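A quick write-up on the structure given underneath.
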Amino acid sequence: MRQCRGRARRDGDRMNVQSTRGGIEVTLSEAIAQGLAPDGGLFMPPLLKPHPGAWSDTFHQRTIELLKPLFKSDPLLPHLTAMIDEAFTFDAPTTWLSSNTGLLELFHGPTSAFKDFGARFLAAALARIVPTDAITTVLVATSGDTGAAVASAFHNRPQFRLVILYPDQLVSARQAHQLGAFGGNVRAFRVAGTFDDCQNMVKSVLTDQVLVARHRLTSANSISLGRLLPQMAYYAHAALNCVADLGQPPSFVIPTGNLGNAFACLLARERGLPIDRVMLATNNNRALVTLAQTGVYEPTATVPTLANAMDVGAPSNVERLLHRFQDVQRTVLADSVDDAAIQSCIQRTFTEHGEIICPHTACAMEVLHRLRAQGDQGRWIVAATAHAAKFDSIVEPLIGQHIPVPPQLAALLAQPSHSEPLPAQLGALVDCLQ
Ligand SMILES: *Cc1c(COP(=O)(O)O)cnc(C)c1O
């Protein structure tokens, strides 16, 4: 039984989502259900026309107004308000460290990172798309934050079981504890290998049509439009608040790995939101910086850094960026930050503002610091992508004090945690799915 898979007519109104590789055209709910396009490309949302008239005042209403045109005549449209109610149960406030530097706090969700917004919206959408009389298996490979956000979003949803793969010993102790703390319909496997091994195992299983059909397999990785699109909402909200309170559109500086978060900001600007410049802040994985500065894209091998959720050598959303915006150098700015600068920025931000930031947020803060040193007086908002308490082992020695743990994270860390060992072999994963 399909809850809301209406008969899709093949007309311009409904089939408005295309693959970056050209051939495929589907509805938005089909794109959300499929994740990756069958031609190997990424699904692109339709070009967004500027919002007519005034925006509402609340985060919730603004999110509805922003996403509604994307779900126009889609079977999920009647469910959109309920989906946002379910997913966006926490706020995204901007705190101002000075009159022209804001911090957009994206870490108030259940796993204390911005990925909660996208993961929860995806879960709310998939719950209304997949059959209700069978179990769908969601597979995730994670290097840290993704797995926890997805696990939390699908936990206790009886239509789903979740299988998480993470590299043993290569995530922080608190991240590992979080991943194993859900239990119930969530199984966490610590793989004897790297993140790439985990991702390759997941990819191999997901491209095996027999296995996909047998176990009703789907993925929840960051290329899903179900995760990307809702992320526009907090940029819209922060930008509109900034204009209302301070009379001027902000620019954003965004810690960036796979480019999912920052791409949502570009889409919000395309929709006519008052957003000035968009600056990507990477760690020592510099492919996006080279692209934004020279127009040439060359993926690199991944290098490990203190901002490990951004350790990406070949950002998957580059394919979307190049597809949508021909002139990348005019679309985004970018700069990179090495580990030493991450550390000094965490210390400086604490000393100067009393603000404790995570290593990812520090990349963005450092990039802004450099702009200021060059005389930039603009109004900038730094996206704070995770709570520093998730990275206590890095941050606490730098600031010389204990980081208060937010209640939602403390609750998860107080749960017992259980993970299962798994060799980095495809056959081992396939056996576990039985
Ligand atoms: C995932 C993540 C990022 C990178 O976001 P992308 O969408 O991959 O660019 C940055 N910071 C934190 C804390 C993350 O978990």
Exercise for the section: Answer yes if at least one residue in the stretch 348-361 is closer than 23 Å to residue 169 by Cα and surrounded by fewer than 22 Cβ atoms within 10 Å (Cβ to Cβ), and no otherwise. Expected result: no
Practice task
Return a yes/no flag: does the stretch 410-417 have any residue that is among the small types (Gly, Ala, Ser), buried (at least 22 other Cβ atoms within 10 Å of the Cβ) and under 25 Å from residue 187 (Cα atoms).
Solution key: no
Problem - Out of 280, 321, sole residue that is within 13 Å of the ligand (Cβ to nearest atom) and in a helix (DSSP H, G or I) - result: 321
Practice task
Among the candidates 111, 94, 63, 101, single out the residue that is under 30 Å from residue 174 (Cβ atoms) and in contact with a Ser or Thr (Cβ under 8 Å, 6 or more places away or on another chain).
Solution key: 111
Handout entry: Residues (in contact with a helix residue (DSSP H, G or I) (Cβ under 7 Å, 6 or more places away or on another chain) and either more than 7 Å from the ligand (Cβ to nearest atom) or hydrophobic (A, V, I, L, M, F, W, C) (or both)) located in the stretch 249-264
Key = 249, 250, 252, 253, 254, 259, 263, 264
Exercise for the section: Inspect the stretch 262-276 for any residue being in a helix (DSSP H, G or I), more than 17 Å from the chain's Cα centre (by Cα) and at negative phi and give the result as yes or no. Expected result: yes
Practice task
List every residue pair whose Cβ atoms sit under 7 Å apart, with the two residues 6 or more apart in sequence or on different chains, where the first one lies in the stretch 79-101 and is within 15 Å of residue 118 (Cα to Cα) and the second, anywhere, is surrounded by 13 or more Cβ atoms within 10 Å (Cβ to Cβ) and of a type in the set (S, T, N, Q).
Solution key: 84/63; 88/63
Exercise for the section: Please verify whether the stretch 188-204 includes one or more residues that are hydroxyl-bearing (Ser, Thr, Tyr) and surrounded by 18 or more Cβ atoms within 10 Å (Cβ to Cβ). Expected result: no
Handout entry: Residue within the stretch 290-299 that is touching a residue at least 40 places away in the same chain (Cβ under 8 Å), within 17 Å of residue 229 (Cα to Cα) and more than 15 Å from the ligand (Cβ to nearest atom) present
Key = no
Exercise for the section: Assess whether residue 311 counts as being within 16 Å of the ligand (Cβ to nearest atom), acidic (Asp, Glu) and surrounded by fewer than 24 Cβ atoms within 10 Å (Cβ to Cβ). Expected result: yes
Fill in the blank from the handout: For helices (runs of 4 or more DSSP H) lying entirely in the stretch 332-434, having 2 or more residues that are out of contact with any Phe, Trp or Tyr (no Cβ under 7 Å at 6 or more places or on another chain) and within 14 Å of the ligand (Cβ to nearest atom) picks out 339-353, 359-373, 392-399
Exercise for the section: Please state which one of 40, 35, 109, 53 is under 20 Å from residue 268 (Cα atoms) and either of a type outside the set (Lys, Arg) or in contact (Cβ under 8 Å) with a residue 60 or more places away in the chain (or both). Expected result: 53
Practice task
Kindly check whether there is at least one residue in the stretch 360-383 that is out of contact with any strand residue (DSSP E or B) (no Cβ under 9 Å at 6 or more places or on another chain) and touching a residue at least 60 places away in the same chain (Cβ under 8 Å).
Solution key: yes
Practice task
Give the residues of the stretch 216-241 that are farther than 20 Å from residue 255 by Cα and within 15 Å of the ligand (Cβ to nearest atom), sorted by residue number.
Solution key: 220, 226
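Here, each number is a calculation from the coordinates, and none is a lab measurement. If you're wondering where the values come from, they're calculated on a predicted model, not measured in any experiment. Neighbour counts run over all protein chains shown; Cβ positions are idealised from the backbone, glycine included.
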